[in-house]
Amino acid sequence: MSKPSAIVTRRWPDECESRLKQLFDVTLNESDEPFTTDQLKSALQSCDVLMPTVTDKITADVLSVENRKANMIGNFGVGFNHIDIEKAKELGITVSNTPTVLTDCTADIAMSLILMVARRVGEGERELRANNWTGWRPTHLLGTKVTGKKLGVIGFGRIGQAVAQRAHHGFNMEILFWDPFDISSDVINNLNAKKLDTIEDICKESDFVSINCPATKETLHLMNAERFKLMKKSAFVINTARGDIIDEKALVDALNNNEIAGAGLDVFETEPNLPDELKTLENVVSFPHLGSASIETRIAMGNMAIDNSVAFFENKDLPNKVV
Ligand code: DGY
């Protein structure tokens, strides 16, 4: 029996590319250059399964390409806001994602941002590398203590809970959260967490506001000028979810006007481009979307995307079906 044909839009870890070669008649992207819209369309016309990732904008226009052959999209990544899921559903295209395997690493990056921005670690390292460190002194680079502070988590799903787990059990932080869904009492009790009624309450009460909700129409610019104004002047905002959940212009204004103490960001509205201020302000720590970037996690993500696609062609239930 011939193997299904697959097109993979970016380089994957070697282990995963070897497995892809065994299981599929696969076209890999040796150059690792992101696909253009036309390349995405022609990929959908020429393969059985497309394996894209966050850098591929799989819009309604792309999905509606004439003579589409692919009926399966095995996304490499948990987030699927770059794919028009409603259109995929309407056209009968199956879409899968890669949840759970990146929870720990993404939560680790959120914790790194909390610690780096509060304790001014980036500033310190830059000073040292520039040969500007003149030695220890009692008032040098005084930051904000993290242990025991209030962490407000917006979106208390797998990743939000994993951030809270680290913050509460590792740093004795008090956990507040907001989520539109019911959260099990076991989880709440384990973290001694308190559910607040509104996002406004989270903004007012927290020392750190961590964004951990998915990017949807409802969460677009969820953190806006009004909500930054509600935050304590001493508080920090942390984002490891998706860039457009924060209105970046409003964030830059809030930082410039000292309405908040700082920001720790792993995701941006129009990656890889971000406002200069988010690269230059001393009280901002910005990472280049590193949440899931450990070798163990990226291999697990690739294997999960492969397993989903294999299940599709074997007519089995997909382990991680989105639609
Ligand atoms: C994810 O899996 O959603 C990561 O952010 C990379 O896309």
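Bear in mind that the values in this text are calculations on the coordinates, not laboratory data. Note that the structure is a prediction, hence the values are computed from the model and not measured. Note that we place each Cβ from the backbone using ideal geometry, even for glycine, and neighbour counts take in every protein chain shown.
Can you name the helices of the chain, as whole DSSP H runs, whose Cα span along the helix axis is 15 Å or more and whose Kyte-Doolittle mean is not below -1.0? The partial results should precede the final answer.
Working: long enough: 103-118 (23 Å, 1.46); 295-313 (27 Å, 0.64).
Both cut-offs are met by 103-118, 295-313.
Which pairs, out of LYS149/LYS249; LYS149/LYS233; LYS204/LYS229; LYS87/LYS316, put more than 19 Å between their alpha-carbon atoms?
On the way: LYS149/LYS249 27 Å; LYS149/LYS233 14 Å; LYS204/LYS229 9 Å; LYS87/LYS316 23 Å.
Violating the 19 Å Cα-Cα cut-off are LYS149/LYS249; LYS87/LYS316.
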### Query
Arranged from highest to lowest average of other beta-carbon atoms within 10 Å per residue, in what order do the peptides 306-312, 24-30 appear?
306-312, 24-30
### Task
Output the peptides 3-16, 232-245 sorted from most to least packed, where packing is the average of other Cβ atoms within 10 Å over each peptide's residues.
232-245, 3-16
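Could you rank the peptides 179-191, 156-168 by their average count of other C-beta atoms within 10 Å per residue, with the highest value first? Write out the running numbers ahead of the final one.
Numbers: 179-191: 12.2, 156-168: 23.1.
The peptides rank, most packed first, as 156-168, 179-191.
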### Query
If only Cα atoms are counted, what is the Rg of the chain, and what is its Dmax, in Å?
21.3, 72
